[in-house]
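Visitor: Okay, here's the structure, questions in a sec.
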Amino acid sequence: MLPVDVVPIQDFGAKAADHLASVLRRKAEAVIGFPTGNTPLPLYQELLSRQAKGQIALGQMRAVMLDDYLGARPDQEISFRNWLDRHLFVPAGLDPRRILPIPTQPQNIAADCRDYENRLNAWGGCDLLFLGLGLNGHVGFNEPGADPDSITHVTPLSQISRQVNAAYWKHGSLSADSVPEYGVTMGLGTILRAREIILLVRGAEKAGILARTLQAEITPAIPASLLRRHARARVLCDVAAAGELKPSPPQRAQEVES
């Protein structure tokens, strides 16, 4: 059984922030994994609002990046590090030494991926890992067919992932063809070693893939479905994203058959 929290869209960021706050109350230096994209933005806005009000302290946590583009530099707008710096890390006042970035430079990338894994292990692994859900079921940049036991690695990106990601930088006039063809991602095996996982899902366009993730077979063809094997994974989605779940769950916590 995989727990699913279905919440009104206006409560999405607060509900996700509540999960993080509970972890930080137990462990101020907890290791938290953060994704990019539109889905987690309400979470990041809520966290910064709570910190400004003195309701949460983010400065002691350790932040782990989930993925990025091969060849991206932090000074480039397309860089996921750049995106997370702008939307969370810098306004939260997080010391760069408390951030574990995904390696992106092609030179020595295999060794850098191993170093990323070693540093994550030295931190004790992720206490809490937030994930987004791709339209094709990917998590991180683990595209359909990814190795369930993989660690951090370079991977080719599907055309649908490149098309969706191009929209994040529309003000830079990016097209899908401008998005890099390869990404670097935390592997599925690494993801599944996190102590707690929350899959964040927003919007009606994700309803079909969320239903398949939760209610079709567990298969690498839908990488997110592998989360159903994790003892402490759960879904947080808005009402629109839950629209194709059968039976239709009520709002708030609901168990979904796996």
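Visitor: Just one of the numbered conditions (1) in contact with a Lys or Arg (Cβ under 9 Å, 6 or more places away or on another chain); (2) in contact (Cβ under 8 Å) with a residue 60 or more places away in the chain is not true of PHE89; which one?
Guide: Unmet for PHE89, out of (1) in contact with a Lys or Arg (Cβ under 9 Å, 6 or more places away or on another chain); (2) in contact (Cβ under 8 Å) with a residue 60 or more places away in the chain: (2).
Visitor: Name the residues in the range 22-41 that are touching a residue at least 60 places away in the same chain (Cβ under 8 Å) and out of contact with any strand residue (DSSP E or B) (no Cβ under 7 Å at 6 or more places or on another chain), would you?
Guide: Once the filter is applied, which keeps residues that are touching a residue at least 60 places away in the same chain (Cβ under 8 Å) and out of contact with any strand residue (DSSP E or B) (no Cβ under 7 Å at 6 or more places or on another chain), the range 22-41 yields LYS27, THR36, ASN38.
Per-residue answers, yes or no, for (1) touching a Lys or Arg at 6+ places or on another chain (Cβ under 6 Å); (2) not β-branched (Val, Ile, Thr):
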{"site": "ILE197", "(1), (2)": "no, no"}
{"site": "ARG202", "(1), (2)": "no, yes"}
{"site": "GLU205", "(1), (2)": "no, yes"}
{"site": "ILE209", "(1), (2)": "no, no"}
{"site": "ILE222", "(1), (2)": "yes, no"}
{"site": "LEU227", "(1), (2)": "no, yes"}
{"site": "ALA231", "(1), (2)": "no, yes"}
{"site": "ASP238", "(1), (2)": "yes, yes"}
{"site": "ALA241", "(1), (2)": "yes, yes"}
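Visitor: Counting only residues that are free of Cβ contacts under 8 Å to residues at least 40 places away in the same chain and either out of contact with any Leu (no Cβ under 9 Å at 6 or more places or on another chain) or farther than 22 Å from LEU100 by Cβ (or both), how many does the range 1-21 have?
Guide: Result for the range 1-21: 5.
Visitor: Can you tell me which residue in the range 19-50 is nearest to the chain's Cα centre (by Cα), limited to those that are buried (at least 19 other Cβ atoms within 10 Å of the Cβ) and among the small types (Gly, Ala, Ser)?
Guide: Among those residues, the one meeting the criterion is GLY33.
Visitor: Something else: Please enumerate the residues belonging to the range 44-88 that are in contact with a strand residue (DSSP E or B) (Cβ under 7 Å, 6 or more places away or on another chain), over 22 Å from TRP123 (Cα atoms) and of a type outside the set (Ser, Thr, Tyr).
Guide: LEU70, ILE78
Visitor: Among the listed residues GLY71, GLY37, which satisfies the condition of being within 15 Å of GLY132 (Cβ to Cβ) and assigned to a loop (DSSP other than H, G, I, E, B)?
Guide: Answer to the selection: GLY37.
Visitor: Considering only the range 129-143, I want to know if a residue exists there that is farther than 18 Å from PRO180 by Cβ and either surrounded by fewer than 21 Cβ atoms within 10 Å (Cβ to Cβ) or of a type in the set (Val, Ile, Thr) (or both).
Guide: yes
Visitor: Another question, then. Of everything in the range 63-89, what is basic (Lys, Arg) and over 15 Å from the mean Cα position of the chain (by Cα)? Give them in sequence order.
Guide: ARG73, ARG86, listed by residue number.
Visitor: Additional query: Given the criterion at pLDDT below 95, among the basic types (Lys, Arg) and either surrounded by fewer than 17 Cβ atoms within 10 Å (Cβ to Cβ) or part of a helix (DSSP H, G or I) (or both), identify the matching residue among ARG228, ARG162.
Guide: Testing whether each residue is at pLDDT below 95, among the basic types (Lys, Arg) and either surrounded by fewer than 17 Cβ atoms within 10 Å (Cβ to Cβ) or part of a helix (DSSP H, G or I) (or both) leaves just ARG162.
Visitor: Can you name the residue in the range 1-18 that is aliphatic (A, V, I, L, M) and not in a strand (DSSP E or B) and, of all such residues, is surrounded by the fewest Cβ atoms within 10 Å (Cβ to Cβ)?
Guide: Taking the candidates together, the pick is MET1.
Visitor: Which condition breaks for LYS53 when tested against (1) in contact (Cβ under 8 Å) with a residue 40 or more places away in the chain; (2) exposed (fewer than 14 other Cβ atoms within 10 Å of the Cβ)?
Guide: Answer for LYS53: the failing condition is (1).
The values are calculated or read from the model by the stated rules, or taken from the named source; none is laboratory data. Keep in mind it's a predicted model, so treat the numbers as computed, not measured. Note that each Cβ is placed from the backbone with ideal geometry, even for glycine, and that neighbours are counted across all protein chains shown.
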